[in-house]
Amino acid sequence: MSRLTRYAPLGALLLTVASIFALPQLRLSGDLARLFPDDPQARALGAYVRAFGGGDVTTILVRGDDPVEVARAADDVAVAARGRPGIRRAVTSLAPPPPDLDAPAPDPTIAWAFADDAGRAALGAALTDEGMRARLADTRALLMAPGSGALVEIIRNDPLRLLSVVQTRARSVAATVGADASGELVADQGRARFVLVTTDGSALRSEEAKRVVQALEGAIAAALPRHPGVRAGIAGGAAIARDAEKLIRRDLYVSSAASTVLVSLAFLLTYRRARALLAAAPPLLVGTLWTAAIAALFPDGIAAIAMGFASVVIGVGLDTGVHVYSAVLRAGAALAETPFATLRARRAAIVERARAHVARPTLTAAVAAGFAFSSLELSRLPALRQLGLLCAAGEVLTALAILALTPAMATWLEPAPRAPRPFALAAPLSRAVGSRRAPLVVAAGVGFAALALALLGPPRVASALVAVKPSGLPSLQAQEEAIRLVSGGHAATEGSAAEVQLVVLERAPAAQRDALLARGEQLAVALRAPSRTVESLSQWLPSPAAVRARLKERDALLPGRAAALAAALTELGFAADAFAPAMEHLRAPASAEVAMRALASLEQGVMQPLVARHLARDPATGELLLATYVRGPALDPAIVAKEAAKGDAESVVTGYPVLERSLRAALVADLPRVSLISLVLVAIALRSVLRSFGEVLVALAALAVELLLVALVVRVVAVPVHAYDALVLPVLVGITVDESMFLLHAMREGTASSALRSEARSVVTTALTTAAGFAALLGCGFPGLRDLGAVGLIGTIAGLVASLVVVPVLAARLHASRA
């Protein structure tokens, strides 16, 4: 033991130096998909967020009261964005560019490749004898209109205006993504316009996301001063990732600083010994540094919820410092009359005696808390698993650091340690729990709490989406407003069902792109229903198989149609010879290869933002993902999934409504097993320290009372209960059990009253410092972290009450029954 004691400070120093070098590698992840559960639907949503958030078409939402000024501002923002770092394209319209009158006119028979079922029916009708005459009559009227001279060559090539049939159909489809009949990206009667920006890189890489957002913020700053009353917000993966990372970084710094201050204040107010804080705080911070070095090893960074590890480790870790310093004071008092040759020898003896007395219970308490935290590894929420791992490591590492450093530092700060002054609350508390009526009072209090909870009902499960969608993010607000405007522009009114958007996701290897597009077409057909809007890439980009099938359908209609067109032209007074190019197209229509080249050109041009909204590569797997959007009032994901399976059995329905169900399912599945494992591990740790099974039952009874009080307070003050804060309850079992364990351990050498007099100060101090660590999370921007802090704060105070009241009363009766 002496050799270990001698080299402990050196080992701590080497580990600290290594941690300092590792710390710069710590990354904070702004990827909100890290907060999703680990089930098929949530994994699909995570893949969607990674793929379409990582290579997303970023949207700038421009808003104002004057439609004309909003239109000018949107155009200026688009112009200002083009050419900036990371920006490939910025458009305010989905309309194709004006035709190049000097370029060869396109073959109108290519229209079949772009036309959906309704469009192809209209094209077929245009080729009938009656249809030809009707469309040629409209063409004549068009040519007689003023300013129609520029259209002569276009009409000579396509007198039936077959291409216009497809263009008209495309305008109606464009309305599903916020475009008006002209292709302009506009909503709310012109008071809102969208700028679609195609970017380079990935929003999941921090530096690339920052570069893109800074470029767009620069464009907005350059354009908007010329348009008073107009405002703009950036939505999309890059902006959300940048804002989320900023919020996480702010939460980390603020909560860590607040935890340090609050924990220190709680320590000074209860322990009343500033030198003790000087001896315990540096090792505590060293242990926290070691834990942060472990966090730096995560290659994908720290998720938002897991970021709270620093505050929790600081608050919980100081528990060991309190008990170790108290052991040093007691050891100093016990050796006060013992002669030593040198002061150094006295200090060494005090350190050895203190460690011998306190090492086992403090390390056991730390391991018990570590077990409780590690039980979160059973959760289906990766962020909570990460939080549990870091807090478990932090609890054990801070205990080791404090045991290694604090005793020696304490003897330097107090060369002649004295026993601490009596705790003011110890005497009245001892009298209260030692009275004959104490068991009845405790039983009545517990009964009242149970009755109140039964009458009020259990804590209400709240929406977990609030925990993963921080309301303060400007980019997230802009994204939600853009979705609302595209889906109708109005929030749900009283008595009406809210508009819901689901995402149906299909995936395939990159080499099977054409087959994936064909599956998307079948899926879109299966999802069609009068009460919903289906936005599919098949509306814009047909698969090669669909193109060939459509052209085959066209070719069956064309025989004899050139002669019929010539007859119709002559009948209506046109010179048929002037339309020789049009009749040649009907005799030798465009091939599938020509159609595919035209589609590829559009895909890289005007359709590129639309394609990027539907088709992307998953950076985690390299697979292609095809997203089909379904919107409608009160959509039932189960019904949509059943219909989607008819079109593609491998498709997965996801989206935030599905995520809400997944989070609730995760809570129902995780809470019982995490609680059971935590309770078993803590019971094993208790049994290793406490001398009897009866004492273990006393500690477990105190935990049961604690959880009852937590449930009651959470219900009364209406703390939201969801997967991210409810799963902290099993952790509280391990965190708060050390107060009961130290009281029971002290009762071996005396009575319940003497244990309270000797340990009450330490118990109160450790509980309040732990509560202060959780309280620091109340100022976080992520609602999930705030709720976790609230439950942790309530649970720690409830655990303190149960330890100081239930444990002495039950332990005294237990010992009396054995006497």
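Quick notes on this one:
- For region 584-602, the criterion of being of a type outside the set (D, E) and touching a strand residue (DSSP E or B) at 6+ places or on another chain (Cβ under 7 Å) is met by no residue.
- Top-ranked residue in region 776-790 [being of a type in the set (A, V, I, L, M) and surrounded by 24 or more Cβ atoms within 10 Å (Cβ to Cβ); ranked as modelled with the lowest pLDDT]: L785
- Hits in region 425-448 - residues which are under 12 Å from S753 (Cα atoms), open to solvent by less than 60 Å² (accessible area, probe 1.4 Å) and part of a helix (DSSP H, G or I): A426, A427, P428, L429, S430, A432, V433, G434
- Residue list for region 64-117, filter: at pLDDT 85 or above, over 37 Å from the mean Cα position of the chain (by Cα) and of a type in the set (G, A, S): A111, A113, A115
- Of all positions in region 744-751, at least one carries a residue that is open to solvent by 50 Å² or more (accessible area, probe 1.4 Å) and among the polar types (S, T, N, Q).
- Among the candidates P542, P530, residue that is at pLDDT below 95 and open to solvent by less than 10 Å² (accessible area, probe 1.4 Å): P542
- When A452, A369, A392 are checked against the criterion of being in a helix (DSSP H, G or I) and touching an Asp or Glu at 6+ places or on another chain (Cβ under 6 Å), a single residue qualifies: A369.
- Candidates in region 31-49 are the residues that are in a helix (DSSP H, G or I) and within 26 Å of A219 (Cβ to Cβ); of these, the one that is modelled with the lowest pLDDT is L32.
- Beta carbons closer than 8 Å, at least 6 apart along the sequence or on distinct chains, pair a first residue in region 50-70 that is closer than 19 Å to L624 by Cα with a second that is open to solvent by less than 10 Å² (accessible area, probe 1.4 Å) and modelled with pLDDT of 90 or more for A51/L625; F52/L625; F52/A627.
Okay, residues lined up against (1) at pLDDT 85 or above; (2) within 29 Å of A293 (Cα to Cα); (3) touching a Cys at 6+ places or on another chain (Cβ under 7 Å):
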{"position": "A354", "(1), (2), (3)": "yes, no, no"}
{"position": "R360", "(1), (2), (3)": "no, yes, no"}
{"position": "A368", "(1), (2), (3)": "no, yes, no"}
{"position": "S375", "(1), (2), (3)": "no, yes, no"}
{"position": "A383", "(1), (2), (3)": "no, yes, no"}
{"position": "C391", "(1), (2), (3)": "yes, yes, no"}
{"position": "T398", "(1), (2), (3)": "yes, yes, no"}
{"position": "T406", "(1), (2), (3)": "yes, yes, no"}
{"position": "A416", "(1), (2), (3)": "no, no, no"}
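- Any chance L61 is of a type outside the set (V, I, T), over 30 Å from E506 (Cα atoms) and either in a strand (DSSP E or B) or at pLDDT 80 or above (or both): no
- Answer from S675, S688, S662 - the residue that is open to solvent by less than 20 Å² (accessible area, probe 1.4 Å) and hydroxyl-bearing (S, T, Y): S662
- L793 meets the stated requirement of being open to solvent by 20 Å² or more (accessible area, probe 1.4 Å) and either part of a helix (DSSP H, G or I) or basic (K, R) (or both).
- Lone qualifier among V764, V807 - being over 21 Å from A257 (Cβ atoms) and surrounded by fewer than 24 Cβ atoms within 10 Å (Cβ to Cβ): V764
- Those residues of region 226-248 which are surrounded by fewer than 18 Cβ atoms within 10 Å (Cβ to Cβ) and out of contact with any helix residue (DSSP H, G or I) (no Cβ under 7 Å at 6 or more places or on another chain), in sequence order: P228, R231, K246
- Pairs, first at positive phi in region 304-315, second surrounded by 24 or more Cβ atoms within 10 Å (Cβ to Cβ), C-beta under 7 Å, six or more apart: none
- Selection status of A627, under 25 Å from W540 (Cα atoms) and modelled with pLDDT of 90 or more: yes
- Inter-residue pairs, beta-carbon under 7 Å, first more than 19 Å from A306 (Cα to Cα) and in region 232-257, second open to solvent by 20 Å² or more (accessible area, probe 1.4 Å) and not in a helix (DSSP H, G or I), 6+ apart: A235/T59; G236/D56; G236/T59; G237/D56; A238/D56
- Just one of the listed residues (V737, V696) is within 20 Å of E759 (Cα to Cα) and touching a Lys or Arg at 6+ places or on another chain (Cβ under 9 Å), and it is V696.
- Looking only at residues of region 249-308 that are open to solvent by 40 Å² or more (accessible area, probe 1.4 Å), under 22 Å from P407 (Cβ atoms) and more than 32 Å from the chain's Cα centre (by Cα), we find that the one that is modelled with the lowest pLDDT is R272.
- The set of residues in region 449-482 being of a type in the set (S, T, N, Q), at pLDDT 70 or above and open to solvent by 80 Å² or more (accessible area, probe 1.4 Å) consists of Q477 alone.
- Residue count, region 554-568 (criterion: surrounded by fewer than 12 Cβ atoms within 10 Å (Cβ to Cβ) and in contact with a helix residue (DSSP H, G or I) (Cβ under 6 Å, 6 or more places away or on another chain)): 0
- If you filter region 630-654 down to residues that are small (G, A, S) and at pLDDT 80 or above, you find that the one that is farthest from the chain's Cα centre (by Cα) is G647.
- Of the residues making up region 632-659, those that are open to solvent by less than 10 Å² (accessible area, probe 1.4 Å) and either among the basic types (K, R) or assigned to a loop (DSSP other than H, G, I, E, B) (or both) number 1.
- Residue tally, condition modelled with pLDDT of 65 or more and within 30 Å of L558 (Cα to Cα), over region 141-197: 21
The values are calculated or read from the model by the stated rules, or taken from the named source; none is laboratory data. Not measured: the values here are computed from a predicted model. Counting neighbours? That spans all protein chains shown, and the Cβs are built from the backbone with ideal geometry, glycine included. Ligands, DNA and RNA are stripped out before the accessible areas are found, and what is left, the full protein with its side chains, is counted by its heavy atoms. Shrake-Rupley method; radii C 1.70, N 1.55, O 1.52, S 1.80 Å.
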